[in-house]
Amino acid sequence: MKIINKKLILVMLLIIAVNLKANSQISKAEIIATGLTCSMCSNAINKQLKTRSEVDSVSTDLNTNTFTVYLKKDNVLKPRTLKESVEKAGFFVGSMVLTVVFNKEEVKENQVVKAGEVSYIVVDAKPKTLNGETKVQVLDKGFVTVKEYKKLTKSLSKTPTYAVENEDDYHIKAL
């Protein structure tokens, strides 16, 4: 009887652990690309984004050059992968807003928070709780325009990790 209870508890804990990991991920990305001049440019980016196995679908707004990427459940995609897909098509990311599922993460400025396999550094000044689907903007070089990055470099000069430009550090602002 005790062995069965222990096995049941172990199975339940395993299910909970898998569900927590599955919930901590990027569910959607809104990417504004720069340098597009025609619908063929849009098609090139669209094709590159769709080649990723984690991508479920992509919708495009040609008026704003915005690509909304819907991701499959249980993906382990990093924002850098989406940026590289846009760059492989020959263009640049002007803005990237992610919808990330957080699990009651208490955050304050310069705090690292994990979502699945990805670590984010929160650069918001106000302490808050990130819970459920939360829109965040990636503020790193290559995820914003050059002009915006120069402004951010000045305003985030007190964030030591921002100046290092490590590709695996994602500085975010909750929207």
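Within segment 105-119, can you find the residues that are open to solvent by 60 Å² or more (accessible area, probe 1.4 Å) and under 17 Å from residue 162 (Cβ atoms)?
Filtering segment 105-119 down to residues open to solvent by 60 Å² or more (accessible area, probe 1.4 Å) leaves 106, 108-110, 112, 114, 117.
Selection gives 108, 109, 110, 112.
Every residue, every condition in (1) closer than 23 Å to residue 33 by Cα; (2) among the acidic types (Asp, Glu); (3) in contact with a Leu (Cβ under 8 Å, 6 or more places away or on another chain), yes or no:
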position	(1), (2), (3)
99	yes, no, no
126	no, no, no
135	yes, no, yes
138	yes, no, yes
161	no, no, no
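Picking from 145, 159, which residue would you name as being open to solvent by 40 Å² or more (accessible area, probe 1.4 Å), touching a residue at least 40 places away in the same chain (Cβ under 8 Å) and over 27 Å from residue 74 (Cα atoms)?
On the way: 159 fails: open to solvent by 40 Å² or more (accessible area, probe 1.4 Å).
Result of the check over 145, 159: 145.
The values are calculated or read from the model by the stated rules, or taken from the named source; none is laboratory data. What you see is a predicted model, and the numbers here were worked out from it, not measured in a lab. Virtual Cβ from ideal backbone geometry, glycine too; neighbours counted across all protein chains shown. When the accessible area is computed, the model is the full protein with side chains, heavy atoms only, and any ligands, DNA or RNA have been set aside. Shrake-Rupley method; radii C 1.70, N 1.55, O 1.52, S 1.80 Å.
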